[in-house]
Each structure stands twice: as C-alpha cells, then as structure tokens.
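Take a look at the structure set out below.
The values are calculated or read from the model by the stated rules, or taken from the named source; none is laboratory data. Keep in mind that what you see is a predicted model, and the values were worked out from it rather than measured. As a convention, Cβ positions derive from the backbone with ideal geometry for all residues, glycine included, and neighbour counts pool all protein chains shown.
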Amino acid sequence: MANVELILLQRVEHLGQMGEIVKVKPGYARNYLLPQLKAIRASKANRERFEQQRAQLEAQNLKRREEAERVAERVGGLSVVVIRQAGESGSLYGSVSARDIAEATTAAGLTINRDQVVLIHPIKALGLVPVRVELHPEVSIRVTVNVARSAEEAERQARGERVSAAEEADAQPDIDPAAMFEAELEAELPSA
C-alpha cells in the first residue's frame with residue numbers, strides 16, 4: 001500500500017515537527033495520528049487552511065509548552081511509591097504499568113494520564129526505576145518510581161538500603177561451617 005501524506009499539527013517523536021508534511025503508513029495515520037489529532041491529511045484544502053492558521057497554532061503550542069516547562073520546574077525530581085506483592089527474589093507477582101504510574105503520580109500532586117507515561121516495558125521487579133513522563137511533546141520530566149512491598153520497605157529503598165531477602169542474605173557475614181560443626185561436637189562430647 002502507498003504511504004499517506006499528512007501535515008503534523010504538533011511535534012511527534014521520531015517523525016517530525018509541527019507543520020511538516022510527512023509520509024506514513026496508512027494504519028499509523030488511521031489508527032494513531034488522525035484520531036489523536038496529531039495530524040491532518042495533506043490535501044490542497046487542508047494545506048491552505050493550515051497555512052492560514054499556522055501562526056495561531058504555533059502560538060497555542062508555545063503557550064502549552066511554556067506551561068509544561070513551568071510544571072516541569074515545579075515538580076522536578078518527583079518520586080512516587082507503588083506498593084506491590086513480590087516474591088523473596090524481588091520479582092513482582094504482577095507488573096507495574098503506565099496506568100499504575102499515572103495514578104501514583106496524580107496522587108502525588110501531578111495530574112497526568114497514562115498516555116503521557118513513556119514505559120518501554122512494564123516494571124516486573126522491586127526497586128527504584130526512572131520513568132519518563134511527557135508533559136508536552138517537547139517537554140518531559142523524569143519520575144522515580146519506587147516499587148516496594150510496603151511503605152517501610154519503600155523508605156529503606158529511597159535511602160539506598162538493600163531490601164530483598166537474597167540481598168540481605170548476601171549482606172550477612174560469612175560463617176565458617178567447619179567452625180560451627182566443631183563447636184557442636186565439643187558441646188556434645190562429655191567432659192572428662
């Protein structure tokens with residue numbers, strides 16, 4: 001199938017800037033760019049209409065970007081806690097998705113939706129995970145997601161302490177099994 005020509009109404013990562021005419025696959029245009037109002041078809045009438053409204057669209061984009069930059073400055077370094085059940089090795093029984101991160105971030109005071117969370121793979125282990133949140137196509141912040149079994153464990157992780165049982169066992173001092181065996185034998189032998 002032939003590619004479709006579109007005019008971008010906003011910056012789209014890995015595709016182009018506002019006002020550029022790009023060629024994309026029909027499915028990408030039909031299922032993502034057009035319904036999300038990120039682009040319009042590049043017909044002659046749409047090109048003329050876009051050129052007439054270009055200054056207004058750029059002004060609106062600039063205003064939204066400035067607002068996003070102010071929010072990014074205000075909430076820079078945001079950290080959220082997500083409580084999940086996990087096994088002894090630190091593997092989660094489920095996973096933490098973009099929706100979970102959006103809900104935790106909203107509860108922490110920054111209202112976002114799950115589409116703004118850029119998560120390549122779901123989080124499947126305990127620990128501190130940096131996640132990118134796009135406040136605007138040109139402005140993003142890094143949010144630290146603290147995945148833990150309890151609030152106390154989250155506090156320990158935030159301080160940099162080890163929390164999984166396997167890590168705690170590794171932190172224990174090594175005990176010489178031969179010395180333990182000899183101590184048990186001496187305790188069992190009758191004294192003469």
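Starting from residues that are over 13 Å from the mean Cα position of the chain (by Cα) and modelled with pLDDT of 90 or more, keep the ones in segment 110-126 and report whichever is surrounded by the fewest Cβ atoms within 10 Å (Cβ to Cβ). Before you say what the answer is, go through the steps one by one.
Residues of segment 110-126 that are over 13 Å from the mean Cα position of the chain (by Cα), as a first pass: 110-111, 125-126.
Next, from what is left, pick out any that are modelled with pLDDT of 90 or more: 125-126.
Values: Ala125: 16, Leu126: 24.
Checked segment 110-126; the qualifying residue surrounded by the fewest Cβ atoms within 10 Å (Cβ to Cβ) is Ala125.
Considering (1) under 23 Å from Ile141 (Cβ atoms); (2) part of a helix (DSSP H, G or I), say which one Gly77 fails and leave the rest.
(2)
Could you tell me whether Glu48 is over 22 Å from the mean Cα position of the chain (by Cα) and in the same structural domain as Leu135 (by TED's automatic domain parsing)? Give the derivation first.
On the way: over 22 Å from the mean Cα position of the chain (by Cα): yes; in the same structural domain as Leu135 (by TED's automatic domain parsing): no.
No; evaluated as a whole, the condition is false for this residue.
Determine, yes or no, whether Glu138 is of a type in the set (Asp, Glu), at pLDDT below 90 and over 25 Å from Leu33 (Cβ atoms).
Numbers: of a type in the set (Asp, Glu): yes; at pLDDT below 90: yes; over 25 Å from Leu33 (Cβ atoms): no.
No; evaluated as a whole, the condition is false for this residue.
So, in segment 4-25, how many residues would count as being modelled with pLDDT of 90 or more, farther than 20 Å from Ala45 by Cβ and out of contact with any Leu (no Cβ under 9 Å at 6 or more places or on another chain)?
1
Looking for something touching a Lys or Arg at 6+ places or on another chain (Cβ under 6 Å), modelled with pLDDT under 90 and in the same structural domain as Glu88 (by TED's automatic domain parsing) - is there at least one such residue anywhere in segment 144-160?
There is no residue in segment 144-160 that is touching a Lys or Arg at 6+ places or on another chain (Cβ under 6 Å), modelled with pLDDT under 90 and in the same structural domain as Glu88 (by TED's automatic domain parsing).
Among the residues of segment 6-13, is any of a type outside the set (D, E, K, R), outside any strand (DSSP E or B) and more than 29 Å from Val133 (Cα to Cα)? Reasoning before the result, please.
At the first step, the residues of segment 6-13 found to be of a type outside the set (D, E, K, R) are 6-10, 12.
Now narrow it down to the ones that are outside any strand (DSSP E or B): 9-10.
With more than 29 Å from Val133 (Cα to Cα) added as a condition, the list becomes none.
No, because not a single residue in segment 6-13 is of a type outside the set (D, E, K, R), outside any strand (DSSP E or B) and more than 29 Å from Val133 (Cα to Cα).
Yes/no matrix, rows are residues, columns are (1) assigned to a strand (DSSP E or B); (2) among the charged types (D, E, K, R):
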{"position": "Arg49", "(1), (2)": "no, yes"}
{"position": "Arg64", "(1), (2)": "no, yes"}
{"position": "Glu69", "(1), (2)": "no, yes"}
{"position": "Leu92", "(1), (2)": "yes, no"}
{"position": "Ile101", "(1), (2)": "no, no"}
{"position": "Ile112", "(1), (2)": "no, no"}
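Search segment 71-87 for residues being modelled with pLDDT of 90 or more and of a type outside the set (Val, Ile, Thr), and hand back the single one that is surrounded by the fewest Cβ atoms within 10 Å (Cβ to Cβ).
Pass one, segment 71-87, residues modelled with pLDDT of 90 or more: 79-87.
Keeping just the survivors that are of a type outside the set (Val, Ile, Thr) gives 79, 84-87.
Numbers: Ser79: 15, Arg84: 17, Gln85: 8, Ala86: 20, Gly87: 13.
In this case the residue turns out to be Gln85.
Would you say Ser95 is touching a strand residue (DSSP E or B) at 6+ places or on another chain (Cβ under 6 Å) and polar (S, T, N, Q)? Talk me through it step by step, then tell me what you get.
Numbers: touching a strand residue (DSSP E or B) at 6+ places or on another chain (Cβ under 6 Å): yes; polar (S, T, N, Q): yes.
Judged against the criteria, Ser95 is a match.
May I ask you to list the residues in segment 114-135 that are of a type in the set (A, V, I, L, M, F, W, C) and assigned to a strand (DSSP E or B)?
Val117, Val118, Ile123, Ala125, Leu128, Val129, Val131, Val133, Leu135
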